Amino acid sequence: MPELPELNPVIHGKLRLALLSLLVGVEEAEFTWLRAKTGSTDGNLGAQLLKLEEAGYVSVEKKFVQRKPQTLYRMTEAGRQAFVEYVQALKQMLGGAIG
């Protein structure tokens, strides 16, 4: 049996994987949009986004729009590369199970 690939533990968390899956398809996303898409609580979403930020996978921009705070997230190039590698490792792990 071939050796199984390592899955990136930063990405492998369910919510972090969902967040990167959403961010890979958009230029940027607001915190509120990510919360609505994932159904996560503010606290859990913030904690998971912080882990992605600390890993260098997302960048954060905070600003005010009409006196209301807005937090925008973008996937970094390192995040895109890590996501691609994660998906490739997952495909390798699943082998012929997907087609």
When (1) within 14 Å of residue 80 (Cβ to Cβ); (2) surrounded by 14 or more Cβ atoms within 10 Å (Cβ to Cβ); (3) not hydrophobic (A, V, I, L, M, F, W, C) are applied to residue 25, the one that fails is (2)
Residue 25 meets each of (1) touching a Gly at 6+ places or on another chain (Cβ under 8 Å); (2) not in a helix (DSSP H, G or I) with one exception, condition (1)
- Would it be correct to say that residue 87 is surrounded by 13 or more Cβ atoms within 10 Å (Cβ to Cβ) and among the aliphatic types (A, V, I, L, M)? yes
Just checking, does the range 55-71 include any residue being under 28 Å from residue 93 (Cα atoms) and part of a helix (DSSP H, G or I)? no
Residue hits (the range 51-75; surrounded by 10 or more Cβ atoms within 10 Å (Cβ to Cβ), in contact with a strand residue (DSSP E or B) (Cβ under 9 Å, 6 or more places away or on another chain) and among the hydrophobic types (A, V, I, L, M, F, W, C)) are 52, 58, 60, 72, 75
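Just so you know, all these numbers are worked out from the coordinates, no wet-lab data involved. Here the structure is a predicted model, which means the values were calculated and not measured. When we count neighbours, we look across all protein chains shown, and the Cβ atoms used for this are built from the backbone with ideal geometry, even at glycine.
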